[in-house]
């Protein structure tokens, strides 16, 4: 199946036309309008710095649904001890840069390039992108960021500098989102780590049904990031 080449027109081919590996299109830009349209269709950018922008809609999809987060005994103990402080949207720039630099990404490279950082900081300024921060005292030791549309949160990346800090961030996110009627967290690509935390795999039909539900306006969608 051919990969579609995008031009200046802000549009995408149907996600169901993606290749077997999930690649749907190449080109375009990272403008807020294009990014928001992409997410509303379950499409996201993922590419290396210096290369053309690649747009993906992989299936099966990893999602986290209400009630599915796996709260292990060890994480429960961490939360009870209260060793971490959690905030929302207080250090977005620091979180996205920490995600870009965490683990092996400094050595092997990261898709969270300067271009990507600028695009998501723009979404943050517009109120569509959000971060969860985990602090040990005044030190930022973990966190995550992603995009929020209606009642769907699209997770982009997370990091930790201390044990369980990213899990604490995800747990805090699930609690505030699902308390405010969110339908799902789109975790995009499955990993053993995400599946161990409660993520599940769904096919395209199920994912698109969840997405349609999540993007349907409701009378009281909740305002989780205004806390």
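Any read-out appearing in this document is the output of simple, stated calculations on the displayed coordinates, not a laboratory observation. Note that the structure is a prediction, hence the values are computed from the model and not measured. We place every Cβ from the backbone using ideal geometry, glycine too, and count neighbours over all the protein chains shown.
Key figures
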| item | result |
| --- | --- |
| Residue-span extension gain [residue 76 to residue 48] - 0.36 nm each, minus C-alpha spacing | 6.4 nm |
| Convex hull (Cα only) mean projected area of the stretch 115-227, reported in nm² to one decimal | 8.1 nm² |
| For the chain, convex hull of alpha carbons as volume per residue, Å³ | 127 Å³ |
| Virtual spin-label span in nm between residue 192 and residue 97, 7 Å along Cα→Cβ | 3.3 nm |
| Rounded FRET efficiency, nearest 0.05, which uses the C-beta distance separating residue 26 from residue 223 and R0 of 45 Å | 0.80 |
| Percent of Cα pairs exceeding the 18 Å cut-off, where the set is the stretch 75-154 | 48 percent |
| Sorted by Cβ density within 10 Å, fewest first, the residues 128, 120, 154 | 128, 154, 120 |
| In nm, spacing of pseudo-spin labels at residue 212 and residue 179 (7 Å Cα→C-beta vector) | 3.2 nm |
| Residues residue 126 and residue 8, FRET efficiency given R0 of 25 Å [Cβ-Cβ distance, rounded to 0.05] | 0.75 |
| Convex hull (Cα only) mean projected area of the stretch 1-103, reported in nm² to one decimal | 9.6 nm² |
| Å³ per residue enclosed by the Cα convex hull of the stretch 4-58 | 72 Å³ |
| Acute angle (nearest 10 degrees) that the helix 92-101 long axis makes with the longest principal axis of the chain, alpha-carbon atoms | 80 degrees |
| Calculated FRET efficiency for the pair residue 114/residue 204, C-beta based, R₀ 30 Å, to 0.05 | 0.35 |
